Amino acid sequence: MEFFNWINLFMIFSLFSLSISTNFLEEAKNGDVFDWMVKIRRKIHENPELGYEEFKTSEVIRTELGKLGIPYRHDQVAVTAVIAFIGTQKPPFLALRADMDALPMQEMVEWEHKSKVPGKMHACGHDAHVTMLLGAAKILKEHEKELQGTVVLVFQPAEEGGGGAKKILEAGALENVTAIFGLHVAPNVPIGEVVSRSGPIMAGSGFFEAIITGKGGHAAIPQNSIDPILAASNVIVSLQHLVSREADPLDSQVVTVAKFQGGNAFNVIPDSVTIGGTFRAFSKESFKQLKQRIEEVIKGQAAVQRCNAVVNFLNEEKPFYPPTVNNDDLHQHFRNVAENLLGISNVNVMQPMMGAEDFSFYQELIPGYFFMLGMENPSHEKLNSLHSPFFKINEDVLPYGAALHASLASSYLLKYQKDVPVGEGKYHDEL
């Protein structure tokens, strides 16, 4: 009898999930809601702001939340972050995250709503991420009485290298959250499709910079100098051996030197050279080993050429990002919700990638799940890649992101209440 009770409960949950997911997508595609989202997205796109400078973006978010009657907090939370709440204001707490920051690059797309700020552009889709989370907020607010807990909306600054997620956690803003979901637009995945996987999905990343110092002099009499350019060249070649000869071929790693600065004249050997780059790995152990060997190789190879080297890993200004690792249980929940919303054939598995995401900071403390949302339309022009000055958003993606956010949150809270009654949980009554 108990077995059949569990079967009935599962069927009820599945039917409920199917119903709310379908309804949420229909609501998000409603003409008024869609036009509202497009207007917000274009306003944010016109006024891009870099990490921890998203003051106008934060103001737009707070204004829209205020119109929807959604309470929020923003003072002393990661500079510009906004944390909003929909539901019972009691446990369980489920978080949805959107990043807000733009990139320091000039937009090359000529259109009516092009960036108005020279040298700054939303080239990674964060304007769409914010808009989709606001769309989810609008939907969830209209269904607030049906929510079996509290949805926490996290509008996060400084994903692009600034580690905004880490600052939100340090502020204690998500202390009692039981799970968190996040998404990213994907220009190379068809619209209406999502891709993700359980386990590692994106690599951990760090940056390094080294100043290699020798002795400058005339290029025609190199014997009187100590050439830091030659030393730096040997360093760069040797760094490539860390992956090709020291790493397990089945343990993906990357070391890239992308910065080389030294000298301003054709006939002068400079006193010093600065190089810099990034390193990536999927495991903490490999990441730690790679960091150690980068420093050893730079200093050792510089010494071979009679130079000195100082290595800086820039962790204060560009924190190391941990690997992004999706929770197994949340993966199954995501598949159930996404298949109900989009159809089984539109929920696919992606290969791990060496890009990095500061969503990983949340996942170190909270069960988390991150997925990619397609926006490519084969009948339209091909979309450029993320971080391209020609990057565009297919705004038809906005309802899908809003509906997925809302569906994942509402169905998770229902399932959590069924699986773990609040009275038996370890969580406090307040976030």
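The values are calculated or read from the model by the stated rules, or taken from the named source; none is laboratory data. Every value quoted in this text rests on a predicted model; they were computed, and no experiment measured them. Glycine gets a Cβ as well: all are built from the backbone with ideal geometry, and neighbour counts include every protein chain shown. Only protein heavy atoms, including side chains, enter the accessible area calculation; ligands, DNA and RNA are left aside. Shrake-Rupley method; radii C 1.70, N 1.55, O 1.52, S 1.80 Å.
Would you mind checking which residues have amide H under 5 Å from Ser388's amide H? H placed 1.01 Å from N; only 5 or more apart, or other chain.
none
Rg over Rh of the range 91-199, using C-alpha atoms and the Kirkwood radius, what does it come to?
Values: Rg = 16.1 Å, Rh = 16.0 Å.
Radius of gyration relative to Kirkwood radius: 1.01.
Calculate what fraction, in whole %, of the accessible area of the range 227-288 sits on carbon and sulfur atoms when a 1.4 Å probe is rolled over the protein chains.
On the way: 1900 of 3530 Å².
C and S atoms contribute 54 percent here.
Semi-axes of the range 30-99's equivalent ellipsoid from the Cα gyration tensor, sqrt of 5 times each eigenvalue, largest first, rounded to whole Å? Provide the component values of the computation, followed by the final result.
Values: eigenvalues 90, 69, 20 Å².
Each semi-axis is the square root of five times an eigenvalue, giving 21, 19, 10 Å.
For the range 268-342, take the convex hull of the Cα atoms, compute a quarter of its surface area, and give me that in nm², please. Can you show the working numbers first?
Working: hull surface 35.6 nm².
Averaged projected area of the range 268-342's Cα convex hull equals 8.9 nm².
List every residue whose amide H lies under 5 Å from the amide H of Val185, counting only residues 5 or more places away in sequence or on a different chain, with H placed 1.01 Å from N in the peptide plane.
Hits under the 5 Å cutoff: Leu373.
Scale the Cα Rg of the range 295-382 by the rule-of-thumb value 2.2 N^0.38 Å and send over the ratio, two decimals. Please report the intermediate quantities before stating the final value.
On the way: Rg = 20.8 Å, N = 88, 2.2 N^0.38 = 12.1 Å.
Rounded to two decimals, the normalised Rg is 1.73.
If packing is taken as the mean number of other Cβ atoms within 10 Å per residue, what is the order of 88-96, 350-358, highest first? Can you show the working numbers first?
Numbers: 88-96: 21.8, 350-358: 17.2.
Averaged packing, sorted descending, gives the order 88-96, 350-358.
Can you tell me what share of the DSSP beta bridges in the chain is antiparallel? A percent to the nearest 5 is fine.
So the antiparallel bridges in the chain amount to around 65 percent.
Calculate the length of the line joining the C-alpha centroid of the range 246-301 to that of the range 312-376, in whole Å.
Result: 27 Å between the Cα centres.
Can you tell me the Rg and the Dmax, both Å, for the Cα atoms in the range 311-352?
Both quantities, over Cα of the range 311-352: 16.9, 51 Å.
With all pairs of different alpha carbon atoms counted, what Kirkwood hydrodynamic radius in Å does the range 214-339 show?
17.0
Pick the calculated Rg and Dmax of the Cα atoms in Å for this structure from (1) 24.1, 98; (2) 24.4, 92; (3) 27.9, 91?
The value computed from this structure is option (2).
With θ set to phi - 60° and the Karplus curve 6.51 cos²θ - 1.76 cosθ + 1.60, what are the ³J(HN,Hα) couplings of the range 159-172 in order, to the nearest whole Hz, using x for Gly and Pro?
Each residue's phi maps through the Karplus curve to give 6, 6, x, x, x, x, 4, 4, 5, 5, 5, 5, 6, x Hz.
Could you do me a favour and compute the accessible area per residue for the chain, 1.4 Å probe, result in Å²? Before the final figure, lay out the partial values.
Values: 19650 Å² over 431 residues.
Heavy-atom accessible area per residue stands at 46 Å².
Order the peptides 365-376, 112-123 from the highest to the lowest mean number of other Cβ atoms within 10 Å of their residues. Before the final figure, lay out the partial values.
Working: 365-376: 21.7, 112-123: 16.4.
Most protected by this proxy first, the peptides run 365-376, 112-123.
Report, by chain and number, residues whose modeled amide H sits under 5 Å from the one on Met202, excluding near sequence neighbours (fewer than 5 apart, same chain).
Residues meeting the amide H criterion: Thr324, Met353.
Please enumerate, by chain and number, the lysines with C-alpha under 24 Å from the C-alpha of Lys291, excluding those fewer than 8 residues away in the same chain.
Lys166, Lys167, Lys259, Lys299, Lys318
Counting alpha carbon pairs within less than 8 Å and at least 6 residues apart, what relative contact order, in whole percent, applies to the chain? Spell out each step's value before the answer.
On the way: 944 pairs, mean separation 108.6, N = 431.
Result for the chain is 25 percent.
Give, rounded to the nearest 20 debye, the magnitude of the charge dipole that the chain has about its Cα centre when Lys and Arg contribute +1 at Cβ and Asp and Glu contribute -1 at Cβ.
Values: 37 positive and 51 negative charges, 122 e Å.
In total the dipole reaches around 580 debye.
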